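Undergrad: A single structure is presented below for examination.
The values are calculated or read from the model by the stated rules, or taken from the named source; none is laboratory data. Everything numeric in this text was worked out from a predicted model, so none of it was measured. For neighbour counting, all protein chains shown are included, and Cβ atoms are generated from backbone atoms with ideal geometry for every residue, glycine included. Please note that ligands, DNA and RNA were not included when accessible areas were found on the heavy atoms of the full protein model with its side chains. Shrake-Rupley method; radii C 1.70, N 1.55, O 1.52, S 1.80 Å.
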Amino acid sequence: MTRVDDPDMLPMAWDAARAHDADVLVERCIEGEEYTAAVLGNEVLPLIRLETARAFYDYEAKYADDAGTRYHCPCGLDRPRERALQQLAWRAFRALGCSGWGRVDLMLDRDGLPWLLEVNTVPGLTAHSLVPMAARAVGMDLGRLVWRILESSLARGAREEGAA
Ligand SMILES: Nc1ncnc2c1ncn2[C@@H]1O[C@H](COP(=O)(O)OP(=O)(O)O)[C@@H](O)[C@H]1O
Ligand SMILES: [Mg+2]
């Protein structure tokens with residue numbers, strides 16, 4: 001992904017993306033805070049706010065220790081605002097036909113308008129990943145989280161068997 005701040009840079013960014021795939025996605029650049037919402041069963045866990053010293057939350061920000069990346073949970077929004085974004089994340093998750101668990105990435109622009117970035121259907125599950133971080137915020141350790149993920153998958157299996 002390339003962030004383009006000057007229209008003259010667009011062809012370069014286009015070519016860089018084309019080197020990977022014939023399909024290129026061009027999006028309006030959102031400027032503002034970034035959040036992620038972990039979905040577990042039919043619950044959305046507390047939001048995490050991502051803060052990076054880089055231009056955006058890129059590969060370096062995610063995986064290099066010295067990239068100046070910080071995570072805030074609680075995220076700093078007031079409760080009604082956080083609740084509204086959790087509901088939005090839930091609707092996006094369901095609209096895409098997802099169930100079980102996942103993670104919805106979003107940004108709030110300077111006017112406070114939310115923009116959904118993507119839904120991750122297989123989010124990270126290491127001790128330093130974001131879903132485990134949100135789970136810890138509600139007192140759920142990694143072992144309990146894994147059980148909850150299994151239970152949500154079993155519930156779905158049972159529903160599908162019932163429907164068959
Ligand atoms: N339209 C956009 N405007 C501004 N920043 C964006 C936009 N789309 C993505 N980003 C930034 O790029 C990062 C990666 O994009 P994302 O779509 O979440 O893909 P992935 O997490 O799979 O790399 C986001 O976390 C965000 O920081
Ligand atoms: Mg993402």
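Undergrad: So if R0 is 45 Å, what FRET efficiency would Tyr63 and Glu161 give, r being the distance between their Cβ atoms, rounded to the nearest 0.05?
TA: Efficiency, rounded to the nearest 0.05: 0.70.
Undergrad: Same structure again: Evaluate the distance, in nm, between pseudo-label points positioned 7 Å from the Cα of Ala17 and of Asp141 along their respective Cα→Cβ axes.
TA: Each label point is offset 7 Å from its Cα along the Cβ direction, giving 4.4 nm.
Undergrad: Could I ask something else about it? Multiply the residue separation of Asp6 and Glu118 by 0.36 nm, subtract the distance between their alpha-carbon atoms, and state the gained length in nm to one decimal.
TA: Result for the pair: 37.9 nm of gain on full extension.
Undergrad: In whole Hz, with x marking every Gly and Pro, tabulate ³J(HN,Hα) for segment 67-80 from phi via Karplus 6.51 cos²θ - 1.76 cosθ + 1.60, θ = phi - 60°.
TA: Listing the rounded values in order: 7, x, 9, 10, 10, 10, 8, x, 7, x, 7, 6, 4, x Hz.
Undergrad: Val104 accessible area, nearest 10 Å², 1.4 Å probe?
TA: Result for Val104: roughly 0 Å² accessible.
Undergrad: Let me ask you something else. 222 nm [θ] for the chain, helices only, -39500 (n - 2.57) per DSSP H run of 4+, per residue, to 500?
TA: Computed ellipticity for the chain at 222 nm equals -11500 deg cm²/dmol.
Undergrad: Moving to a separate point now. Would you kindly find the accessible area of Thr52, with a 1.4 Å probe and non-protein molecules such as ligands, DNA and RNA excluded, rounding to the nearest 10 Å²?
TA: Ignoring ligands and nucleic acids, Thr52 comes out at about 40 Å².
Undergrad: Describe numerically, in nm with one decimal, the distance between label points set 7 Å from Cα along Cα→Cβ at Cys98 and at Arg54.
TA: 2.1
Undergrad: Determine the relative contact order of the chain: mean sequence separation of Cα pairs under 8 Å and six or more apart, normalised by residue count, in whole percent.
TA: 22
Undergrad: With every protein chain kept in place and ligands, DNA and RNA left out, what is the accessible area per residue of segment 71-138? Probe 1.4 Å, answer in Å².
TA: On a per-residue basis, 56 Å².
Undergrad: Quick check: at a probe of 1.4 Å, how many percent of the accessible area of segment 91-164 sits on carbon and sulfur atoms?
TA: Roughly 57 percent, rounded to a whole number.
Undergrad: Rolling a 1.4 angstrom probe over the protein chains, ignoring ligands and nucleic acids, what is the accessible area of Tyr57 in square angstrom, nearest 10?
TA: Surface accessible to solvent at Tyr57 totals approximately 30 Å².
Undergrad: Which sequence of Ser129, Ser153, Ser99 reflects their accessible areas, 1.4 Å probe, from the largest down?
TA: Ranking Ser129, Ser153, Ser99 by accessible area, largest first, yields Ser153, Ser99, Ser129.
Undergrad: Amide H neighbours of Leu117 under 5 Å, counting only residues 5+ apart in sequence or on other chains, H built in-plane at 1.01 Å?
TA: Distant-sequence amide H within range of Leu117: Asp105, Leu106, Met107.
Undergrad: Further, regarding this structure: Compare the Cα positions of Pro123, Pro7, Ala163 along the charge dipole of the chain (+1 at Cβ of Lys, Arg; -1 at Cβ of Asp, Glu; about the Cα centre) and return the one farthest towards the positive end.
TA: Ala163
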